[in-house]
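Chemist: Could you have a look at this structure, given as structure tokens, before my questions?
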Amino acid sequence: MDKATLAGGCFWCLDGVYQQVSGVQSVVSGYIGGHVPQPNYRAVCNGITGHAEAVEILFDPQQIGYGDLLDIFFAIHDPTTPNRQGYDVGTQYRSAIFYHDDKQQQQATTLIDTLNASGLFPSPIVTEVTPAGIFYPAENYHQSYYLQHPQEPYCQAVIAPKLHKFQQLFNHLRRAG
């Protein structure tokens, strides 16, 4: 298994999408990129730890590539707004790719350069590309949140549209392939 660690707003959103991806073995919501050991949700949300809400994805590279995971990442969140995704505002909601080796770093920076040059986004991409540090799993009630609470207002208003966007992308790629 290989590992990808991504931050793109609320971890519930990324978790809900990546759990639908063939080749993904597990998705864990958590915190990374801060300066406080063993952070908790309240401290991260108060912005005092420096951590981002992120997901750690274990995937089978024989079934899905790291580049494919990055393509999904850029399709389901806005990588052009610093420290914000929709109504979620703060450094914990920043867009970031936490790479685990030089190959992941190269793939991430090359994709960002390609996307910026393409004009696909109206503003430059602000996604951080930084080495992965210690990943702290979030509290149990954050794990698989969408699967456990699909009718919650946040899930319906924010996560469900991301899942729909992902499914449209998947169907488009399947028809093109």
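The values are calculated or read from the model by the stated rules, or taken from the named source; none is laboratory data. Because the structure is predicted, anything quoted here is derived from the model rather than measured. As a convention, Cβ positions derive from the backbone with ideal geometry for all residues, glycine included, and neighbour counts pool all protein chains shown. Ligands, DNA and RNA are excluded from the accessible area calculation, which covers all protein heavy atoms including side chains. Shrake-Rupley method; radii C 1.70, N 1.55, O 1.52, S 1.80 Å.
Chemist: Beta carbons within 10 angstrom, averaged per residue: use that to sort the peptides 83-89, 113-119, highest first.
Modeler: Going by the mean number of other Cβ atoms within 10 Å, highest first, we get 83-89, 113-119.
Chemist: Ok, one more. What whole number of Å gives the distance from the Cα centroid of segment 96-164 to the Cα centroid of segment 12-86?
Modeler: Each part's Cα centre sits 5 Å from the other's.
Chemist: Please report, as a whole percent, how much of the solvent-accessible surface of segment 24-86 comes from carbon and sulfur atoms (probe radius 1.4 Å).
Modeler: Ligands and nucleic acids excluded, carbon and sulfur give 46 percent.
Chemist: Considering only protein heavy atoms, what is the solvent-accessible area of F135 at a probe of 1.4 Å, reported in Å² to the nearest 10?
Modeler: My reading of the accessible area for F135 is about 30 Å².
Chemist: Does a label point 7 Å from the Cα of L120, set along Cα-to-beta-carbon, have any residues of segment 44-82 with amide nitrogen under 13 Å, and which are they?
Modeler: Answer for this model: 67-80.
Chemist: Let me ask something additional. If you stretched the chain out fully between V89 and E139, how much longer would it get, using 0.36 nm times the residue separation minus the C-alpha to C-alpha distance?
Modeler: Extra length available between V89 and E139 comes to 15.9 nm.
Chemist: While we're on this one: Using helices alone, I'd like the mean residue ellipticity at 222 nm for the chain: each DSSP H run of four-plus residues gives -39500 (n - 2.57), total over residue count, nearest 500.
Modeler: One gets -10500 deg cm²/dmol as the mean residue ellipticity at 222 nm.
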